[in-house]
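Shown next, in structure tokens, is the structure this report addresses.
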Amino acid sequence: MRALAGILVALAIGQGQSFFNTRGLGELGAPADARSLALGSPAALSYLNPGILVRLDRSAFLVSGIAAGTYGSTDGAGRLIGNVRPAGFVAAIPLPLGLRIQAGVDERFNQDFDIWQDSAPGQPYRYRVTGNGGIYTLRAGLAWSVLDLVCAGVEYGRAIGASREDWRFQLSGETYSSTDTVEVDYAGDALKAGLSFQTERFGIGAFFDAPLELEASSYRLVNGRVEDSITRHRLSIPWMLAVGANASLTNRVDVSAGLEYRPWSDITIDDTASAYGFRDALRASAGVSFGVAPGWPVRLGYSYTDWYYLAAGTDEGSAPHAHAVHLGTSVPVAGFGSIDMGAEIARRTDGNLTETVGRVMLGLSYREAWLRRTRRWGS
């Protein structure tokens, strides 16, 4: 069904997180951290790195939510849609001997989309395809910090999720209509290892995300009745490597940069290379933070992201990609921590399809202990 949706989208307007979500597993989740989002979302410098907690003197937590809107257009027609949802939660607790434990939950893939077609040459019906759902990771990790300079960590994650696709068909000029529904459940285990080094003026971080083995169970309903038995498939999602660096140029100016790479072309389904068009994807980001007043920074960032799925007939040179600008700040909360705000505006293109995506993330950081040091990365 998703393969057909990938063809239909070339004739339709999409809505949801992205109209590219009909291709592959959906929109990739960003770190659920408003500070990171404002700097371009460098994953290796965020809590997604299990070895990021170089210094931590007390328990800390971070909770955030996101509001997203998308405007898609093709052939002069456009559509706007949006949603509001939780982005994620993470907690960290220091232990003796430089150990620390951390746990959290975040969205790995968002699978919301909505495509439609009023008419097409040679077709006597109109149709609309909607998708809802996503894949989330419940994470728990252990890290060890040495001399407040180096930290190494490992993490186990349980990936779970579900999606639902509704296909609605209506014959032109007739009252007859039908609905096909495809429901998929996902489950799998994920492992990750990370490392970081930090001084008061400079820091680097990196993590390796091992291949994710997903079990996908699906079945189809026609007008509410189950038509197929449950089918199961194994999806092997390739590894990812993320690196990042941060430097304090002055007492008020910090700069950061990050790179992430995943060889999506190595994905397999039931131990067989995928017949669909996955391509290796690179993501790059850069950001700067200006301290306009104590505890009141202004953050700016830029990012470039390859879309990992190729539509039929699309070559590497014209594959979808996104350019985004980011911005944000933090508001200190006396005796607690801070309220963090981040936003981004991104633009994607694929032939005559274009979409503009806006996201605003709001986060609450407890006691600024998330990464305690003389100067915090991105502060």
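Among the numbered conditions (1) within 21 Å of the chain's Cα centre (by Cα); (2) at pLDDT 80 or above, the only one that W144 does not meet is (1).
For first residues located in region 27-55 and outside any loop (DSSP other than H, G, I, E, B), partners that are among the aliphatic types (A, V, I, L, M) and lie 6+ apart or on another chain with Cβ distances below 6 Å form the pairs A34/M341; A34/M361; L37/M361; A38/L327; A43/A242; A44/A206; A44/A242; A44/V243.
Looking across region 143-161, the residues that are without any contact (Cβ under 8 Å) to a residue 60 or more places away in the chain, closer than 22 Å to R58 by Cβ and in a strand (DSSP E or B) come down to W144, V146.
Assuming R373 fulfils every condition listed in (1) modelled with pLDDT under 70; (2) part of a strand (DSSP E or B) apart from one, which condition is it? Result: R373 fails condition (2) only. Only one entry in R128, R139, R158, R201 is modelled with pLDDT of 85 or more, under 28 Å from the mean Cα position of the chain (by Cα), surrounded by fewer than 19 Cβ atoms within 10 Å (Cβ to Cβ) and basic (K, R), namely R158. Between R168, R164, the distinction of being over 26 Å from the mean Cα position of the chain (by Cα), at pLDDT 70 or above and among the charged types (D, E, K, R) belongs to R168 only. Among the numbered conditions (1) crowded, with 21+ Cβ neighbours inside 10 Å; (2) closer than 18 Å to S46 by Cα, the only one that R348 does not meet is (2).
Based on what the data block shows, is A92 aliphatic (A, V, I, L, M), modelled with pLDDT of 85 or more and within 26 Å of G335 (Cα to Cα)?
Values: aliphatic (A, V, I, L, M): yes; modelled with pLDDT of 85 or more: yes; within 26 Å of G335 (Cα to Cα): yes.
So A92 passes the test.
Here are L282, L300, L259: which of them is modelled with pLDDT of 90 or more, in a strand (DSSP E or B) and loosely packed, with under 15 Cβ neighbours inside 10 Å?
On the way: L300 fails: loosely packed, with under 15 Cβ neighbours inside 10 Å; L259 fails: loosely packed, with under 15 Cβ neighbours inside 10 Å.
Answer to the selection: L282.
The values are calculated or read from the model by the stated rules, or taken from the named source; none is laboratory data. The model shown is predicted, which means the values in this text are computed figures rather than measured ones. Glycine gets a Cβ as well: all are built from the backbone with ideal geometry, and neighbour counts include every protein chain shown.
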